[in-house]
Structure formats: C-alpha cells, structure tokens
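Participant: Sharing a structure below in structure tokens format, with a few things to ask.
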Amino acid sequence: MLKKIKPKNARSKRALQKREPKIEENVKKAIFIRSSSTNQIVNEALSDLCKLKKPDAINFTKKNNTIHPFDDDTSLNFFYEKNDTSLFVIGSHSKKRPNNLTFIRMFDGQILDMVEVGIENAKPLSEFKTSKCAIGIKPLFLFVGDLFENSLVYKTFKNMLLDFYHGQTVKNINLSGLEHVISVTAIDSSEQSNDPRAMPGIIYFRVYTIQYKKSGEKTPRVELEEMGPSYNFRIRRFKFANDDVYKFSTKVPKINKPKKIKNIDVNEMGDKIGRIHLGKQDLSKLQTRKMKGLKRTTDDYTEDDLEEMEDVVPSIKKQKSS
C-alpha cells in the first residue's frame, strides 16, 4: 500500500482529494509503455490498442529500461502514483519471449493481476483501408469460447479486457452511437505453437465497424466490416492477486448495494418476483353469493330426505307456536 501524503498547501490538498476513493469511480486511464527492447510489431500493437482506448490513454514512445513487472514492480508504482492510473500495457521483444505484451491491473498501489501474451499473425490498423470508428465511443464486446468460462486464466484475461475498454458508465444507449465491435474468440486449438512457453489455446482478437444499411423497415440491416487491428494471442505467464486483496478490491459500498425488500427477489431476466404468505383459510365461514338458480327442488331430494323433512318440519312449527 502507498504511504499517506500530507498536503502542504490547498492546491496539493485538492489534488489528493481527486485521487481519493469515490463511490462512483472515474474513467480508468491506461498507460502503454515500451520496455528496453521492442520491435515494429510490438510498437504498432501498443499504438493501435492505445487508439482504441483514447481519450483515456497515454502512449509512452520512449523506451524504459527499468520496467520488468514480473521481477520488480517499483517502476510501476512510480507511474501509478504520478499519473493516477491503474491499467498498464507493457510491450517487449526478446529471443526468449518475442512479440510480448503484458496486461497489468493495479489496486491501492500494488499489482492486482498480470497476464502476459505473445502476438502472432499481427495486422496493424494501417493495413485495413476501411472506415474507422470515432474516438471515445464505447465498443460492443463479443466473447466466444468455453475457455472464458472454464479456465481461470482466460476468465481473468476477459475481465481485464472489459476493464480496459469499459469507458464511462451509461444508463441509456443510442443505437446510432454503436460504431464498432471487439470480438475475442478463444479456441482450445491443437495447433502446435512456435513458442514452447505458451499455454494451450489461442485467442483471436478482431475489431469490426458496424454498418447500418437500408432494409425497407424501421430497423436497419446491420453488417460488420473489419476495421483492425487483428491479432492472435497466446497466453504465456500470469500472476494473480491474493484472495484477501482481490476481495477487498471488489468490495461494493453499502450505498451502491440494492436494498433487500422482504419476500421480493429478482430473477436472471431482471423481473421482480414476489411471495405472498397466507394463513390457513376456514372455508366454512366463506360467504358465497345466494342465487335462486342454485336452490334445490323437490325433484332433487330422495325419499329418505323427504321422510326426514317431514319429521323435522312439525317439530319446528311446535317450537314457533310455543
């Protein structure tokens, strides 16, 4: 955890107040950093991923010799404190791990989780001569594959991508404001990779623009056109947070927790379901509506009923006369 800094003047006090925990978080910024050695593929990947994240992204084009996240995180703490950001993508290239990207999340001044991937079959944004999306537009995400549900590593990588490109929280969505889709497909491929350090499986990262065509109806016909960039990722190394740190990072404030109403639940579709508890009803005291059509006639009575009635009626008349 970071040490607490006492403000020396009003200006530094306002700056520290902006960085304090809030009930509604600000949009998370991301920093894209080049390590001590990179190549053209890694540099283009950092630049293109940064363009998808803009305007909440910073791309450092200078090389940094001190960044080795799996060995030492002191340099990351420096960037975290100086830029007030918790998301990092570090690019590197070496003979041992070529075309390498490391996705990092931090919480409260310490590393929460890290996932390192290798790039294969890279196609940068400049190779696609198609229309591009506007800056600052929220993307649609499409995750395909059982690995995102069954594997903890792939599930964490999915959560990191959603965290990176989450943007602002909105209540309503305008159909015309949806301009691009990020498709992420994970396949447990049997293809042998050139990288012996990679995990089994491959991730296809694709980006498409949404084209609205005339359909002759009120709703338009939707078509997808690949915008770029296009990458194949293979997961190499990973590091997860402790259970206590992860539990503390995902803690929801009491104000944001929905108030639980007795006997009312919400199902998976978002519909409210209520329960009503009734006591045991005494049907003998139930008042029904009297109708002439329900009265019994002499034809409905049997001979035994008529004999009983003959015995009962004289006794009733005697009681009334007395």
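The values are calculated or read from the model by the stated rules, or taken from the named source; none is laboratory data. Bear in mind that the values here come from a model prediction, so they are computed numbers and not experimental data. With ideal geometry, Cβ positions are generated from the backbone for all residues, glycine too; neighbour counts draw on all protein chains shown. For accessibility, only protein heavy atoms count, side chains too; no ligands or nucleic acids. Shrake-Rupley method; radii C 1.70, N 1.55, O 1.52, S 1.80 Å.
Participant: Indicate the gyration tensor shape class of segment 8-141 (rounded, prolate or oblate), computed on the Cα atoms with a ≥ b ≥ c the square roots of the eigenvalues: a/c under 1.5 is rounded; otherwise a/b larger than b/c is prolate and the rest oblate.
Facilitator: Cα axes put segment 8-141 in the oblate bin.
Participant: Please give the peptides 214-226, 145-157 ranked by average Cβ packing (other Cβ atoms within 10 Å per residue), highest first, as a rough proxy for protection.
Facilitator: Numbers: 214-226: 10.2, 145-157: 16.9.
With the highest mean Cβ count within 10 Å placed first, the list reads 145-157, 214-226.
Participant: Let me ask you something else. Once the other residues with Cβ under 14 Å from the Cβ of ALA134 are scored (Lys, Arg +1; Asp, Glu -1), what is the net sum?
Facilitator: +4
Participant: Also, quick follow-up: Kindly write out, for segment 149-162 in residue order, the coupling ³J(HN,Hα) from the Karplus curve 6.51 cos²θ - 1.76 cosθ + 1.60 (θ = phi - 60°), rounded to whole Hz, with x marking Gly and Pro.
Facilitator: With coefficients 6.51, -1.76 and 1.60, one gets 10, 9, 9, 5, 5, 5, 5, 5, 5, 4, 5, 5, 4, 5 Hz.
Participant: Further question on the same structure: As a quick test, which of the pairs LYS18/LYS272; LYS51/LYS259; LYS63/LYS123; LYS29/LYS272; LYS8/LYS239; LYS13/LYS158 have an alpha carbon distance above 31 angstrom in this structure?
Facilitator: On the way: LYS18/LYS272 38 Å; LYS51/LYS259 40 Å; LYS63/LYS123 23 Å; LYS29/LYS272 36 Å; LYS8/LYS239 38 Å; LYS13/LYS158 37 Å.
Checking Cα-Cα distances, LYS18/LYS272; LYS51/LYS259; LYS29/LYS272; LYS8/LYS239; LYS13/LYS158 exceed 31 Å.
Participant: Between segment 211-237 and segment 91-158, how far is it from one alpha carbon centroid to the other, in angstrom?
Facilitator: About 18 Å separates the Cα centre of segment 211-237 from the one of segment 91-158.
Participant: Shifting gears a bit: Where a ≥ b ≥ c are the square roots of the eigenvalues of the C-alpha gyration tensor, would you call segment 204-280 rounded, which needs a/c under 1.5, or, failing that, prolate if a/b is larger than b/c, or oblate? All intermediate terms of the calculation are to be shown ahead of the outcome.
Facilitator: Details: a/c = 3.61, a/b = 1.31, b/c = 2.75.
Oblate, because a/c is 1.5 or more while a/b does not exceed b/c.
Participant: Could you state the accessible area per residue of segment 27-256 in Å², with a 1.4 Å probe and every protein chain left in place?
Facilitator: Heavy-atom accessible area per residue stands at 56 Å².
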